[in-house]
Amino acid sequence: MARVMTNVAGTGIAGAEPRRTAGVSRGASEAELRRAHAAEVRSGERFEFGANWAAFLRRLTPARIELAKRSLEQMLGTSDLRGRRFLDIGSGSGLFSLAARQLGASVRSFDYDPQSVRCAEALRQRFSPEDPDWAIEQGSVLDRDYLDRLGRFDIVYSWGVLHHTGEMWQAISNAASLVERRGTLYIAIYTDGGRISRRWRRIKRLYNRTPRALKPIFKIATFLPRELYSLAGNLAIGRLGAAIAKRRRWSEQSTRGMSYWHDFVDWLGGYPFEFARPEEVFRFCRDRGFRLVELKTSVSGVACNEFVFVRDREG
């Protein structure tokens, strides 16, 4: 029986926007992946997630690492991952790969963004140099030939990644195929907030197509109205001080370990952008042999729903 931690109302239809970005060929080399990624960024079809992660790493503290470890423990239901193989798909900064490694798992991390790969490598060098049980490489969750070489894992983890591939349902299917029998699939997918999700997709695409020199203006023009509206609302109900304090404590409270500003930039820029209602993700994975054991839903109506599945049978 799945344990639901918060409630959400799913609205609208599935968030797929069928299309392909520059893409990669099957079995692509890292050089080919880098060229494909660069082409997508230049065309405005992909956000440079790795650049944001690099800025975040300069703020990484032991407290944030502990938060990441606790969030894994809570969702996976254990603090001991010794003897388990952990695959981090879209490893970003490498924070959760590090957390899994410190909990005892042997870890394999990959990311499509070459700067994200460098971030994870820098984090490994900082905390676990020369570690034979933490492998990092560039790869695509849409490259079936690459995935077939990886084998299967006890835990496949992909937080807030698969909806940024441009082919979300294929990415979820590919990630699920890497889970061992009785293994765990832990994914986070943006919820379908109806019209607001579709409006944000247009904003994100426009941001990524904006010339680099104008992007700082775009960020401020998007950030300030939202903040002023929120602060005005809190002022009206006498909670301005609490709202300001909450923003100051954001990096201490966020299980992702990001600062308030970096979290906003990640949200604004995150493109490609797809989303799904919780029941759609549940049914999709159920039909592939997975049983839902943990669910944490978005309270904002546009953020990520977190799912933990166990593989009972071959899909």
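The values are calculated or read from the model by the stated rules, or taken from the named source; none is laboratory data. Predicted model only: the values in this text are computed from it and were never measured. Here Cβ is always computed from backbone atoms with ideal geometry, including for glycine, and neighbour counts include all displayed protein chains.
The table for this structure:
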quantity: Matching entry among Leu206, Leu162 (being closer than 25 Å to Val265 by Cβ and within 20 Å of the chain's Cα centre (by Cα)); calculated: Leu162
quantity: Boolean, Ser79 is assigned to a loop (DSSP other than H, G, I, E, B), touching a helix residue (DSSP H, G or I) at 6+ places or on another chain (Cβ under 7 Å) and surrounded by fewer than 22 Cβ atoms within 10 Å (Cβ to Cβ); calculated: yes
quantity: Single unsatisfied condition, Arg64 versus (1) over 21 Å from Val141 (Cβ atoms); (2) in a loop (DSSP other than H, G, I, E, B); (3) modelled with pLDDT under 90; (4) not aliphatic (A, V, I, L, M); calculated: (2)
quantity: Complete set of residues in the range 126-138 that are within 26 Å of Met75 (Cα to Cα) and either without any contact (Cβ under 8 Å) to a residue 24 or more places away in the chain or within 20 Å of the chain's Cα centre (by Cα) (or both); calculated: Trp134, Ala135, Ile136, Glu137
quantity: Whichever residue in the range 285-315 is acidic (Asp, Glu) and crowded, with 19+ Cβ neighbours inside 10 Å and, among such residues, is nearest to Asn174 (Cα to Cα); calculated: Glu306
quantity: Residue, modelled with the lowest pLDDT, within the range 35-61, restricted to residues that are of a type in the set (Gly, Ala, Ser) and farther than 21 Å from Trp134 by Cβ; calculated: Ala55
quantity: Residue within the range 203-213 that is surrounded by 16 or more Cβ atoms within 10 Å (Cβ to Cβ), of a type in the set (S, T, N, Q), within 21 Å of Val41 (Cβ to Cβ) and touching a helix residue (DSSP H, G or I) at 6+ places or on another chain (Cβ under 8 Å) present; calculated: yes
quantity: Residues satisfying the stated conditions in the range 253-282, i.e. at pLDDT below 85 and outside any helix (DSSP H, G or I); calculated: Ser254, Thr255, Arg256, Gly257, Met258, Ser259
quantity: Top-ranked residue of the range 62-89 - restricted to ones that are in contact with a Phe, Trp or Tyr (Cβ under 7 Å, 6 or more places away or on another chain) and not hydrophobic (A, V, I, L, M, F, W, C), ranked as nearest to Glu32 (Cα to Cα); calculated: Asp88
quantity: Scan of the range 99-128 for residues that are aliphatic (A, V, I, L, M) and farther than 11 Å from Leu57 by Cβ, ordered by number; calculated: Ala99, Ala100, Leu103, Ala105, Val107, Val117
quantity: Residue satisfying all of: in the range 116-155; in a helix (DSSP H, G or I) and of a type in the set (A, V, I, L, M); surrounded by the most Cβ atoms within 10 Å (Cβ to Cβ) among these; calculated: Ala120
quantity: Restricting the range 89-107 to residues that are buried (at least 24 other Cβ atoms within 10 Å of the Cβ) and hydroxyl-bearing (Ser, Thr, Tyr), the residue that is nearest to the chain's Cα centre (by Cα); calculated: Ser91
quantity: Residue satisfying condition, being modelled with pLDDT of 95 or more and among the hydroxyl-bearing types (Ser, Thr, Tyr), within set Ser93, Ser71, Ser29, Ser106; calculated: Ser106
